[in-house]
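Everything below concerns the one structure shown next.
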Amino acid sequence: MGKVINRVSFASAQSSGILKPIIYCGGIADTGQEAESINIELAKELEALRPKRRTMHLEMCFNRVLDGLPDNVVIKDFDVIFNPAYKVDVLKMFVATCKRKPFSVIWPGKYEDGKLFYAEEGYPDHKVFDINNYDVTCVI
């Protein structure tokens, strides 16, 4: 289901109106717009909750932060959602959220052979996402 597009052939204008996340891989992307850091704002939202409730309310907090940003925003610095204590499928959350408010992300890890990686192997927050399992577009 996931799609991979070469950065050279992708124009950010193509992303408007798409109801699935665009994931820019391989460092800071030339997206044509400034990326918004959401880590601090999202951490504040989560800090207001009791630790045992954070997993259950993570998507709601993420949505509230995005609601304060314009449509088709490019976000970066969202590492707080990869906290291993939160049992959340991050890409699944991105897909669901993007259907109600379009956005793109600058991936904080690497892309390789149809997979997105977050953190180094051996660390508790290490995650691997097979993009074929998600309705996303990766720009490499």
Checklist entry - From the list N72, N83, which residue is more than 22 Å from I5 (Cβ to Cβ) and among the polar types (S, T, N, Q)? => result N83
Item to check | Conditions (1) crowded, with 19+ Cβ neighbours inside 10 Å; (2) within 10 Å of the chain's Cα centre (by Cα); (3) without any contact (Cβ under 8 Å) to a residue 60 or more places away in the chain; number of the one not met by P108 | outcome: (1)
Next on the checklist: in contact with a strand residue (DSSP E or B) (Cβ under 7 Å, 6 or more places away or on another chain) and farther than 20 Å from I40 by Cα: is that true of K110 in this structure?
Outcome noted: yes
Next on the checklist: Of all residues being without any contact (Cβ under 8 Å) to a residue 24 or more places away in the chain and either part of a loop (DSSP other than H, G, I, E, B) or within 12 Å of the chain's Cα centre (by Cα) (or both) in the range 118-140, which is nearest to P21 (Cα to Cα)? Just the residue, please.
Outcome noted: H126
Item to check | Sole residue being at pLDDT 95 or above, loosely packed, with under 13 Cβ neighbours inside 10 Å and touching a Phe, Trp or Tyr at 6+ places or on another chain (Cβ under 8 Å), chosen from V95, V128 | outcome: V128
Next on the checklist: Tally up the residues in the range 70-81 that are farther than 14 Å from I40 by Cα and either in contact (Cβ under 8 Å) with a residue 12 or more places away in the chain or touching a helix residue (DSSP H, G or I) at 6+ places or on another chain (Cβ under 8 Å) (or both), please.
Outcome noted: 4
Checklist outcome for this item: Restricted to the range 47-69 and to residues being touching a helix residue (DSSP H, G or I) at 6+ places or on another chain (Cβ under 9 Å) and of a type in the set (A, V, I, L, M, F, W, C), the residue surrounded by the most Cβ atoms within 10 Å (Cβ to Cβ) is F62
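The values are calculated or read from the model by the stated rules, or taken from the named source; none is laboratory data. For clarity, every value in this text was computed on a predicted model and none was experimentally measured. Glycine gets a Cβ as well: all are built from the backbone with ideal geometry, and neighbour counts include every protein chain shown.
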